[in-house]
Every structure is written in C-alpha cells, then in structure tokens.
Amino acid sequence: MNEKANLQEIRRQVYLYYTEDGLADISLGLVILGFGLLLLLDMPAFVGVLGLIPLLIWYLGKGSLVVPRVGSIQPGRALKKRFLGFFINLSLIGIGVLVLFLLGRGAGESFFSMYSLSIFGFVLALGISSLGLLMNAIRFYFYGMLVFIAMAGGELLMNSISAFDPFLMGVIGAGMVIVAAGLVYLTRFLGKYPVIDLEG
C-alpha cells in the first residue's frame with residue numbers, strides 16, 4: 001500500500017515538473033511569437049537563436065519557481081533522452097522546412113512553393129501535437145491547431161490583404177495567445193503551490 005502511494009506521488013511530481021507550471025506553454029508561445037517578429041523585422045537569420053528560449057525558460061523557471069514549491073526531482077535517463085530526442089528532431093524538422101521554404105521561393109510554381117507556409121505550419125503543428133502527446137497535455141493539440149490555422153489562413157489571405165501581412169500577424173497572434181495561456185497556467189500553479197519552507 002505504501003509502495004502504491006509512493007508511486008502515485010512520483011507520478012504527481014513528474015506531472016507537476018513537466019506540465020502544470022505552464023513554462024512549456026510560455027516557451028512555445030515565445031518561440032512562435034519570436035519567429036513572427038523576426039520575420040516582421042526582416043531578420044530571419046536569427047530564427048535559429050529561438051531554440052535557446054525553451055532551454056533558458058525551462059532551466060531558470062524550474063529552478064526559481066518550481067523547485068521551491070514542489071521540490072527537486074530527477075527524471076530518469078530514459079525520460080531525459082526522450083525529451084532531448086524530441087527537441088532535436090523538432091529543431092531539425094523546423095530548420096529543414098525553413099531552408100526548403102527559402103530555397104523554394106525562387107523556384108517554379110510547384111505545390112510546395114505555392115503553399116510552403118501552410119506546409120511549414122502543418123509540420124510545426126505536428127511537432128507541437130507530438131509534444132502534447134509526450135507530455136500528456138491535451139492543450140498542446142489545440143496549440144498545434146492554432147498555429148496551423150494561423151499560418152495556413154495567413155498564407156491564403158496574403159493575396160487579398162495588402163494593408164498588413166496576414167501571415168505574420170497570424171503567427172504573432174498565435175504566439176501571444178499561447179504565451180497568455182502559459183501565463184494563466186503559471187499563475188494558477190504559483191497560487192496553488194506555495195513555496196516550501198525547508199527550515200520549518
């Protein structure tokens with residue numbers, strides 16, 4: 001009975017460590033938002049730097065906000081490898097699709113060049129949804145859908161709207177929505193779990 005209770009506590013801590021604090025949501029939202037802003041500012045060369053955002057937020061946020069509330073836990077080596085492999089694959093897919101997009105812009109009217117932004121959004125949405133599956137967090141499926149709709153819808157509206165870039169506005173808007181959702185989760189987490197007094 002005691003062993004079962006300990007197992008439940010370990011599962012609770014792993015869940016808290018990876019999802020409930022909203023740091024993953026904020027990281028994802030800032031990456032999407034940063035992608036849109038860098039393209040808006042015509043600075044696509046700095047897109048690769050966006051990969052540092054999740055690492056910084058994860059490390060600094062967990063250390064300063066989560067550990068004082070739920071304690072420090074060390075996920076197993078297999079779980080660490082799954083996360084590392086996921087982030088590496090997601091980064092490689094994103095970079096690859098971006099490179100193909102940049103190379104395909106000067107090519108003929110192939111399907112990929114005609115709908116390159118939508119395809120990029122679809123691949124990105126798959127990656128975000130995979131993160132939701134990995135973390136057992138259903139809201140990431142909605143984030144993936146939101147990013148795809150923003151990118152595909154923005155691309156479809158590009159020819160009919162000239163006052164602003166609907167693609168970039170859609171991407172920036174999606175990033176802001178995800179960041180806002182992450183802040184809501186983080187606020188709930190901070191209110192639900194006060195700092196543990198280790199000296200008391």
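Sequence gap at least 6, Cα distance under 8 Å: using those rules, report the relative contact order of the range 21-71 to the nearest whole percent.
On the way: 23 pairs, mean separation 23.6, N = 51.
Relative CO of the range 21-71 lands at 46 percent.
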Fewest-first ranking of TYR143, TYR59, TYR193, using other Cβ atoms within 10 Å as the exposure measure
TYR59, TYR193, TYR143
With r as the distance between the Cβ atoms of ASN159 and TYR193 and R0 = 35 Å, compute the FRET efficiency 1/(1 + (r/R0)^6) and round to 0.05.
0.10
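Report the net charge of residues surrounding ARG188, where surrounding means a beta-carbon distance below 10 angstrom and charges are Lys +1, Arg +1, Asp -1, Glu -1. Don't jump to the answer; show the numbers that get you there.
Values: positive: LYS192; negative: GLU20, ASP21.
My count for the surroundings of ARG188 gives -1.
Give the calculated FRET efficiency between PHE142 and TYR59 to the nearest 0.05, with a Förster radius of 30 Å applied to their Cβ-Cβ distance.
Details: r = 26 Å, r/R0 = 0.88.
Taking R0 as 30 Å, the efficiency between PHE142 and TYR59 is 0.70.
Working out 0.36 nm times the residue gap between LEU183 and ALA45, then minus their Cα-Cα distance, what length gain in nm do you get to one decimal? Working shown, then result.
Working: separation 138, 0.36 × 138 = 49.68 nm, distance 2.84 nm.
Using 0.36 nm per residue and subtracting the Cα-Cα distance, I get 46.8 nm.
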Assertion target for ILE53, ILE128, ILE161, ordered by fewest C-beta neighbours within 10 angstrom first, is ILE161, ILE53, ILE128
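Most exposed first by the Cβ proxy, i.e. fewest other Cβ within 10 Å, how do ASP165, ASP25 rank?
Values: ASP165 17, ASP25 23.
Ascending number of Cβ neighbours within 10 Å: ASP165, ASP25.
Every read-out reported here was derived from the displayed coordinates using simple, explicitly stated rules and does not represent laboratory data. Since the structure is predicted, the reported quantities are computational estimates derived from the model, not experimental observations. Note that each Cβ is placed from the backbone with ideal geometry, even for glycine, and that neighbours are counted across all protein chains shown.
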